[in-house]
Each structure stands twice: as C-alpha cells, then as structure tokens.
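Colleague: Dropping the structure in here first, questions after.
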Amino acid sequence: MSTETPAAALLDPPSWMPGVLIAPIIGGFSLADFLGLFALLNFILFFVMFEIWLERKVAGHIQLRRGPLHVGPHGALQSPADVLKLLTKEDLMPAIADRRIFRIAPYLVFVPVFLTFLIIPWGGLGPLQNIVLRPFDLALVYLVAIPALQAIGIVMAGWSSGNKYALLGSARFVAQLISYELPMVVSLLGVAVMAESLSLTRVVDVQRETLWFIFLQPIGFVIFFIASMAEMSRTPFDIAIAESEIVGGPFIEYSGMRWGIFFLAEFAAVFLNAALAVALFMGGWQFLPGLDLLPELGVFWFFGKTMTLIVVIQWARFTLPRLRIDQLMDLAWKALLPAGFVNLILSAVYQMYGFLPFAIGLGLTLVGLALLLLAYRNQRRPIPGGIQLVSVARPSAEPAAMG
Amino acid sequence: MELGAVAFYAVAGASLVAALGVVITRHVVYSALLLILSLSLTGLVYLLLLADFLALVQILIYGGTVSVLLLFALMLTRPEDGAVLNHRGWPLAAVGALLLLGALLFGVLTTDWTGATPGPAAPPSRVSVEELGEALYSTWAVPFEVASLVLLVALLGALQIARSTDAPAGGRGEGADR
C-alpha cells in the first residue's frame, strides 16, 4: 500500500474480493467495505448474544447449576429476550449528570473495540483465502493504540454520572488499563521480533512456516492472555466494576440499552482478545501446529480455537477470586513486566543466535519462574496500610509460615 | 478539489475548531475532552499524510494515555460551578503564547514546502516502519537514547514523589516499598 491517494491510506480494497465489489463508490470506500462492516457489526451483535448465553451456561455448570433453561431449548433464547428487555427499558439519567458526556460515553467505549475487529485475520472460507477486513501492516501497533481510546469513554462515563462510585470505578478502570497496557505491549514486542513484522497476517504465516508462538513464546502468551483479561476488566481483574463493593463502577447510573452498549463492548472484547491471542500465538487459521489441513475451512479452525480460549476466559471468571488493587498492580509491574522483558530478550536470542541457545534460555527461564512462583506462594504478604482483614490467608500460609 | 485534499482540510479544520474550543469553553473538563479530540484529529491528519505509524503513536499516547491522566487530575479536583478559571498570571501567559505563535509562524513561512505539498505532481511517499526503525537506530541513535534517558529520569522522579508523600500515610512504614 504505497501508491494510493492520501484519503485511501487505510482503505485499500482487500485482495481476496471479487472484482465488482471492490470498485470504489464513495471516496475510496467500495461496496465490499460497506458489506464487510455491516456483516461485522451484525456478527458482533449476534455473537455477543450467543456468548452471554454460553457464559451463563458455563457459570452454571461450574457452580453445579444448569444455567438458563426456560426460554427456548436449554435457555438458548434467553439472550434475545434480555436484549428485548434492555431495548424497551427506560433510559434513565441522574439529574446532576452531565447530559452530553453521559450520552456519548457508551459509544466511545464500543467503537474502539469494533475498530479493532477490522484487523482480525479470519482465515480462508472456500474460494476466499485469508479473509481480513484490513490487512494493515501495522496491525500490532493498531491493536494497542485503538483499544487505548476506550479509557476516555470509561472516564467520561464515570465522571459524567455525578456519582462517587462511578468516579472511583473509572479511576480503578483506567489505572488498570494503563498498567496492563505495558506488559501487553512488551509481549507483542516478542511476537514482532520473532515474526520480523508488525502485520497480523505475516505473524500467522510465520507461525505456519515454523511453529505456533505459544510453544516458542509461552511466557509471551501467558502475559498477553492475562493482560488482555485485565484490559477487559473481567472477574479476576474486575475491581473497577466490582458489583459487590462499588456496585457496577463507571456503569452504575446507566440503564437500558446505554448500559447494554457497555456490556456489548465487554463481551465483544472477550471475543476480540481471544481471536487476537489465536492469531498471535496459536497459529491463526492453521489446523494443528505444522499441519495445514483443509485451509479452505480456515475460518472454522480459527473459530474453534477462539471458542476454546473464550471458554478458558469464562472459566477463569468463575474460578478465581477478585484481585485486590495492590495484588493487581504487583502482578502487572513486578511479575508480568519483568517476565515480558525476559521474553523479549529470549526472542532476540532466537533471532540472533538460533534455536538451540534460545531453547536452553527458555528452559532455564521457565524453571526460574516456577521456583519464583513457589517462593511467592509460601510468603505471607502484609496488607498495605495496616488494615487487617478477617481471613485472607491461603491454606498454605498458616502462622507457622510467617517466620 | 481532490478528495484527499477535502478530507485533509475537513479534519485539520475540525482539529483547529476543537483546539479553539479548548481555550474558549468555561468548563474545564470539556476543555480537556476537546483537547483529546483535537490531538486525536491531529493523528488523523498524520494518517491522511500517509504517516500511519506516527498517527497510531499519536492516538496511543495523546489520545488514549497521557490525556486520560490529565482528564483524571481535572475530574478528581472538580471545581465549583461557575468558578472563574482565570489565573492572575494571564498577561504573562498571553505574551508567551504570542511569542510561540510568532516563532511557529516564522517557521512555517520561512520553510520551503515545495515537494512536500500533497497533490498529483508529487504524491507523498509512505515511510515504512522499517525505514523508521533503521533511521532511529542508526542515524538518530544518540538522540533516541537521550530521549529514553530523559524518560527514565522522569520515571525515577515520579517514583520519588510518589514515595515521599506515601510514606507518612502508609502506616508501619510499608508505604516505602511501593
């Protein structure tokens, strides 16, 4: 994409499209662009409904319940019913809210997520090879830069509600977002170094030629996965929303579909981050490591892996307790970030000195990390500020371990 | 007019209007939000000029991160309604702003822009991120390292400030380790 007009810098037609569709109609945008965007938006809306149903089912089964059952077969129509409820619900606004900012904040949270969907490499489907809405060669920068805009929407929602819990929640949200952005960027740097490219399509191709990055960069994968979970502010990392203490955080005053848009953004982000993790670390649309079975069905392989990761994210949500703010910050700054730097150095070793020194280094690092983790588990940590909680100790941290 | 030019003037104009709004509006949070809008639109201008890496970095740093911290500082210190935001030092600030404007205008007017204007005669070439990286790590390696050093010093300074105010309130002297 080097010779187009300035207006079309982002808008070159995808190469896999048949001829008629890619003729520009309005200012460089072709029919295919509009169809693609329309299909994507609808995909997100319907997939999110499915995902919410799935999440409630997963939650149910983890907690020895059966989840929604009554609306439709196995409760499958529960989500559409909920959406209808949200759409018809009254749109309330506090009297002291800043009306303009309050109204636009939900969109500013959803739009960045939607924009990030444009770079997902979906894989092939039949004659269409390698479907990407925007095969953007700076995709790795893009997928950090655009979601960062969400922070503005969150702050606007929290502030304009005129509610101290909302403001507190948005403060926590943004602190978390900014802290976890760093480990995420560092883990992406490892990928970029190993793939020698910032393009997601190229990253997938390199993985198909060599090995999935989850095996070459296990540390990077774990960091990316945890950091993306934190950026979504889902349960192990949900002190920003924390229904049980600050009753919904930045979204406390929202109701009806405005509230729905925030949760649309959150659930869309779950799919987005799982899909990005698949593209970055799990070979994208490749069937198995080193095995390109039926690339015509690439979309299905891609979806299968993405769904697996989505269930893992949901599993984490209903298994792990919420992290305290100091644990959250410690995890980002003292664990993930240093580990990310080690991962980056290892990736550089791979590029400079080849596979063997890299493998030895990676093995040593993993052993070291395991030892550190063990040492950390057995250490009882005081709560900052001297507050004594009634029972926070893990079973292994009895008074005998205090030393 | 060519479509690219229309888009450029529309976005650049919107950015200027937003920038004007920053100083005109009476509401300090609105002015911060307009600042974010203006900076993000500047990122869009970079995009239209085919500097897409710069555009993304602009959006990442000024759109999503730095200005959010600014916004926070403002929102947590909510001024009373109708508070006058004028500072007594405003004449001095006006002189400083005029001087800066003069310097910028001088720079703009004395630069030879031929060959840099977008148009059919000389289409701007897109600088790839590889070229950018090469330049940063070879020709401009020393300024690049100096910039990183400046950031490191700023980081340590911020840590020091956070520490010294945290220690008395931390209780049991624990504020000192974070």
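Colleague: Considering only region A:271-298, state which residues are over 19 Å from residue A:221 (Cα atoms), part of a helix (DSSP H, G or I) and open to solvent by 10 Å² or more (accessible area, probe 1.4 Å).
Modeller: A:295, A:296, A:297
Colleague: Let me ask another. Hey, which of the helices (runs of 4 or more DSSP H) in region A:188-254, taking only ones fully inside, have at least 3 residues that are in the same structural domain as residue A:316 (by TED's automatic domain parsing), of a type in the set (A, V, I, L, M) and within 17 Å of the chain's Cα centre (by Cα)? Before you say what the answer is, go through the steps one by one.
Modeller: On the way: elements: A:200-209, A:213-216, A:218-232, A:243-246.
So the answer is A:218-232.
Colleague: For the condition outside any loop (DSSP other than H, G, I, E, B) and touching a Ser or Thr at 6+ places or on another chain (Cβ under 6 Å), what is the one hit in A:102, A:110, A:114?
Modeller: Working: A:110 fails: touching a Ser or Thr at 6+ places or on another chain (Cβ under 6 Å); A:114 fails: touching a Ser or Thr at 6+ places or on another chain (Cβ under 6 Å).
Residue meeting the stated conditions: A:102.
Colleague: While we're here: Of all residues in region B:1-15 being within 8 Å of another protein chain (Cβ to nearest Cβ) and of a type outside the set (A, V, I, L, M, F, W, C), which is most open to solvent (accessible area, probe 1.4 Å)?
Modeller: My answer is B:2.
Colleague: Then there's this: Which count do you get for residues in region A:154-172 that are at the interface with chain B (Cβ under 10 Å from one of its Cβ atoms) and within 18 Å of residue A:110 (Cα to Cα)?
Modeller: 7
Colleague: Now for a separate question. Do you know which of the residues in region A:191-244 that are without any contact (Cβ under 8 Å) to a residue 24 or more places away in the chain and among the acidic types (Asp, Glu) is farthest from residue A:269 (Cα to Cα)?
Modeller: Top of the filtered list is A:209.
Colleague: Name the residue, out of A:331, A:323, A:344, that is open to solvent by 20 Å² or more (accessible area, probe 1.4 Å), among the hydrophobic types (A, V, I, L, M, F, W, C) and either not in a helix (DSSP H, G or I) or not assigned by TED's automatic domain parsing to the domain that holds residue A:193 (or both).
Modeller: On the way: A:331 fails: either not in a helix (DSSP H, G or I) or not assigned by TED's automatic domain parsing to the domain that holds residue A:193 (or both); A:344 fails: either not in a helix (DSSP H, G or I) or not assigned by TED's automatic domain parsing to the domain that holds residue A:193 (or both).
Residue meeting the stated conditions: A:323.
Colleague: Continuing with this model, one more query. Output the residues belonging to region B:59-75 that are more than 7 Å from chain A (Cβ to nearest Cβ) and either touching a His at 6+ places or on another chain (Cβ under 7 Å) or surrounded by fewer than 22 Cβ atoms within 10 Å (Cβ to Cβ) (or both).
Modeller: Residues satisfying the conditions are B:61, B:62, B:66, B:69, B:70, B:73, B:74.
Colleague: A follow-up question, please. Take the residues in region B:42-58 that are open to solvent by 30 Å² or more (accessible area, probe 1.4 Å) and in a helix (DSSP H, G or I), then tell me which one is farthest from the other protein chains (Cβ to nearest Cβ).
Modeller: B:42
Colleague: Right, residue A:140: under 26 Å from residue A:238 (Cα atoms), within 12 Å of chain B (Cβ to nearest Cβ), hydrophobic (A, V, I, L, M, F, W, C) and free of Cβ contacts under 8 Å to residues at least 40 places away in the same chain or not?
Modeller: No, not satisfied.
Colleague: Turning to a different aspect of this structure: Restricting attention to region A:177-185, does a residue exist that is assigned to a helix (DSSP H, G or I), more than 11 Å from every other protein chain (Cβ to nearest Cβ) and open to solvent by 20 Å² or more (accessible area, probe 1.4 Å)?
Modeller: So far as region A:177-185 goes, no, none of its residues is assigned to a helix (DSSP H, G or I), more than 11 Å from every other protein chain (Cβ to nearest Cβ) and open to solvent by 20 Å² or more (accessible area, probe 1.4 Å).
Colleague: Please work out if residue A:301 is closer than 30 Å to residue A:242 by Cβ, surrounded by 13 or more Cβ atoms within 10 Å (Cβ to Cβ) and assigned by TED's automatic domain parsing to the domain that holds residue A:271.
Modeller: no
Colleague: Could you say whether any residue in region A:224-236 is open to solvent by less than 10 Å² (accessible area, probe 1.4 Å) and charged (D, E, K, R)?
Modeller: Yes, the conditions are met somewhere in region A:224-236.
The values are calculated or read from the model by the stated rules, or taken from the named source; none is laboratory data. A quick note: this is a predicted structure, and the numbers were derived from the prediction, not measured. Heads up, the Cβs are rebuilt from the backbone with ideal geometry, glycines too, and the neighbour counts pull from every protein chain shown. Surface areas here come from the heavy atoms of the whole protein model, side chains and all, with no ligands, DNA or RNA. Shrake-Rupley method; radii C 1.70, N 1.55, O 1.52, S 1.80 Å.
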